[in-house]
Amino acid sequence: MNQTIETMLAHRSIRAFKDEPLTDDQVFTLVKAAQAASTSSYIQAYSIIGVKDQVKKKKLAKLAGEQSYVETNGHFFVFCADYHRHHAAAEMHGTTVTETTQTTEKFMVGLIDASLAAQNASIAAESMGLGICYIGGIRNALEEVSDLLNLPNYVVPLFGLCVGYPDQDPDVKPRLPLKNIYHIDEYEQDTDVFKESLREYDQTISAYYGERTGGQRTAGWSSLMANKLTTPVRTYMKKFLENKGFPLK
């Protein structure tokens, strides 16, 4: 095992950061690391918004569900799926890409490109001794986030990323058993097989949360997921995407 893999396996989400901003050099290094990620057909269908303004960070923290670490960190990034520049490129050459960018396939390309870039930036940050936390909560209010960041059509904010110097040292959260994630040659559909490993995992997660919360929280993973996924959330998303120029087909 090398140092890169050790860094990846030691990942924790950090939700308390020291009051120390990242330098411009650090920020630009993380953006360059993000850009080095693989991208489908060289399309590079994403953009990154760095938010330094404290008023905007405070508003984003509120929109994300009162998550204080969105406001208090070394730097806050917002990763977006972005075809705005591709429409501009088409205009430069007297053509249009609207029919293509409105397909579900190309929207997925934007999602995947942005996710790969963000994970590159995250690994780079952790290799520099920094901590990170992804913020999906910005999707609670994408209209407001989009207006706050002045995002044009064909640009959709997907998630935020807090980066900074950790002010806490949480344990690594146990992941699902390998047999639940990795299948050989075909998908394992024997529910008895993966339910057995899920029960073992439930015990691991129950012990993890019990120790972390002093016994106040002891639910296993399966019950957490069963409850979390019972009620749909952010059901406005389809309409928002249509308004942003993505009536997916």
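Compute the long axis of helix 191-212 from its Cα atoms, compare it with the longest principal axis of the Cα atoms of the chain, and write down the angle in degrees, 0 to 90, nearest 10.
Value to nearest ten degrees: 80.
Give, in nm to one decimal, the length gained when the segment between T231 and E99 is fully stretched (0.36 nm per residue of separation minus the Cα-Cα distance).
The T231-E99 span can extend by a further 44.2 nm.
Residues in segment 109-127, backbone N under 17 Å from the label point at Q3 (7 Å along the Cα-to-beta-carbon vector): list them, ranges by number please.
So the set is 123-127.
Kindly provide the helix-only [θ] at 222 nm of the chain, computed as the sum of -39,500 (n - 2.57) over DSSP H runs of four or more divided by all residues, to the nearest 500 deg cm²/dmol?
-14000 deg cm²/dmol, from helical runs alone.
Give the order of I5, I43 when sorted by the count of other beta carbons within 10 angstrom, beginning with the fewest.
The fewest-first ordering by Cβ neighbours comes to I5, I43.
Using 0.36 nm times the number of residues separating A219 and N150, minus their current alpha carbon distance, what extension gain do you get?
Length difference between fully extended and current span is 20.7 nm.
Please compute the net charge surrounding K238, taking Lys and Arg as +1 and Asp and Glu as -1 over other residues with Cβ under 15 Å from its Cβ.
Net local charge, K238 excluded: +3.
Order these by the 10 Å Cβ neighbour count, fewest first: F246, F28.
So the residues, fewest neighbours to most, are F28, F246.
Need one number: the % of Cα-Cα pairs in segment 3-171 sitting beyond the 27 Å mark.
26 percent
May I ask for log10 I(q)/I(0) of segment 178-228 at q = 0.15 Å⁻¹, from a Debye sum over the Cα atoms as equal point scatterers with solvent left out?
The computed values of log10 I(q)/I(0) come out as -0.48.
Could you calculate the contour length gain from S38 to S68, that is, 0.36 nm times the residue separation minus the distance between their Cα atoms, to one decimal place in nm?
Computed gain between S38 and S68 is 7.6 nm.
Project the alpha carbons of segment 97-246 onto their principal axes and report the range along each, largest first, in whole Å.
Reported extents, whole Å, longest axis first: 49, 43, 31.
Loop only per DSSP, at most 12 neighbouring Cβ atoms within 10 Å: give me the GluC sites (Glu not before Pro) in segment 61-152, ordered by residue number.
E66
Determine, for T218, T72, the number of other Cβ atoms within 10 Å of each Cβ, and report the residues in order from fewest to most.
If I rank by nearby Cβ atoms, fewest first, I get T218, T72.
Take the Cβ-Cβ distance between K239 and V55 as r, set R0 to 30 Å, and report the resulting FRET efficiency rounded to the nearest 0.05.
E(calc), rounded to 0.05, equals 0.60.
Going down the table (K106/K244; K18/K56; K52/K238; K62/K173; K18/K59), which pairs top 23 Å between alpha carbons?
K52/K238; K62/K173
Would you tally the net charge around S47, using a Cβ to Cβ cut-off of less than 15 Å, leaving S47 out, and scoring K and R as +1, D and E as -1?
For residues surrounding S47, the net value is +1.
Bear in mind these aren't lab numbers, they're just calculated from the coordinates by the rules spelled out. The structure displayed is predicted, hence computed values, not measured ones. Cβ coordinates were reconstructed from backbone atoms using ideal geometry, including for glycine residues, and neighbour counts include every protein chain displayed.
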